[in-house]
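Participant: Encoded as structure tokens, here's the structure I'll be asking about.
The values are calculated or read from the model by the stated rules, or taken from the named source; none is laboratory data. Treat the numbers as computed from the prediction; the structure is a model and nothing was measured. Backbone-built Cβ (ideal geometry, glycine too); neighbour counts: all protein chains shown. The area values use the complete protein model at the heavy-atom level, side chains included, leaving out ligands, DNA and RNA. Shrake-Rupley method; radii C 1.70, N 1.55, O 1.52, S 1.80 Å.
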Amino acid sequence: MTIAKHILIADDEPKVAFFLGQSLERSNRDYRITVVNSGEEALRELTRSTVDLLVTDLRMPGISGLELIRQVRTSSPHTRSILITAYGDDAVEAEARRLGASRYIAKPFDIELFITAVQESLAPSREERAMSDEQRLRDKAVSLVFHKLRIPLTFILSHASMLAEQVEGPHREMAQAILRHALEMREAVDDFTLLAEWSIGQMPGYLQTINLHHALETTAAQLSALALEREQTIEVAPAT
């Protein structure tokens, strides 16, 4: 499934902003366009959602396009930017580049040139693509490692629960401590596994087919520490 790219357009001329947004939507249905008419509105939108690309006019009441790009660079470093203006010069272009703008477009401009600039600004660089592939391989390996850790942890949880129920005296306290630490480890393993699966685009474990009896046994083992404090036990009985 293609993830929609969120493009934020800031221009104090509503008709211009609307036209740019409509042109981008027609060029690519995977674009999600948000149009605002001031730099202040743009900053508020950035606090509400993730923005992949900011397209901003230079001259706007209040926060200018350059100041907007400067603030976005600080608050949302992953957001790329395009500056468009009818009042530009070499100094403005140089400042836009210094602030990290991926494109500088002088008005009037051909709409196809604008669409191409947006496409190029959103495309990952060669370094990002290489890094992405390496990250996916690393995350896949991490996911496999944590999946393998689940088996011995489940075994430890089950037996620690049994010991905590059966032994007395200081050994009981030791078994309860082992059970608590094993629970903490299992929670950490589950969290890291879920993050790794999301990162490489796999379905999270809790949405996959599971062995229900095995899941109930594990849950019972995890709750045993709480049950023991109340002098109760938890068992999973086979279906009749």
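Participant: Could you identify the single residue in L43, L24 that is at pLDDT 90 or above and over 24 Å from the mean Cα position of the chain (by Cα)? Give the steps one after another, and end with the answer.
Facilitator: On the way: L43 fails: over 24 Å from the mean Cα position of the chain (by Cα).
Residue meeting the stated conditions: L24.
Participant: Residues that are hydrophobic (A, V, I, L, M, F, W, C), at pLDDT 80 or above and within 30 Å of Y31 (Cα to Cα): does the range 128-137 have at least one? Give the steps one after another, and end with the answer.
Facilitator: Taking the range 128-137 as the starting set, the residues that turn out to be hydrophobic (A, V, I, L, M, F, W, C) are 130-131, 137.
Retained after the next criterion (residues that are at pLDDT 80 or above): none.
Taking every residue of the range 128-137 in turn, none turns out to be hydrophobic (A, V, I, L, M, F, W, C), at pLDDT 80 or above and within 30 Å of Y31 (Cα to Cα).
Participant: For the range 46-88, which positions are of a type in the set (G, A, S), part of a helix (DSSP H, G or I) and surrounded by fewer than 17 Cβ atoms within 10 Å (Cβ to Cβ)?
Facilitator: Residues of the range 46-88 of a type in the set (G, A, S): 49, 62, 64-65, 75-76, 81, 86, 88.
From what is left, the residues that are part of a helix (DSSP H, G or I) are 65, 75.
Within the range 46-88, S75 is the sole residue that qualifies.
Participant: Within the range 1-45, which residues are assigned to a loop (DSSP other than H, G, I, E, B) and open to solvent by 70 Å² or more (accessible area, probe 1.4 Å)?
Facilitator: Step one: list which residues in the range 1-45 are assigned to a loop (DSSP other than H, G, I, E, B), which gives 1-4, 11-13, 28-30, 37-38.
Matches in the range 1-45: M1, T2, I3, E13, R29.
Participant: Same structure again: Here is a check on your reading of the model: is A117 open to solvent by less than 90 Å² (accessible area, probe 1.4 Å) and at pLDDT below 70? Walk me through how you get there before you give the answer.
Facilitator: On the way: open to solvent by less than 90 Å² (accessible area, probe 1.4 Å): yes; at pLDDT below 70: no.
No: the conditions fail for A117.
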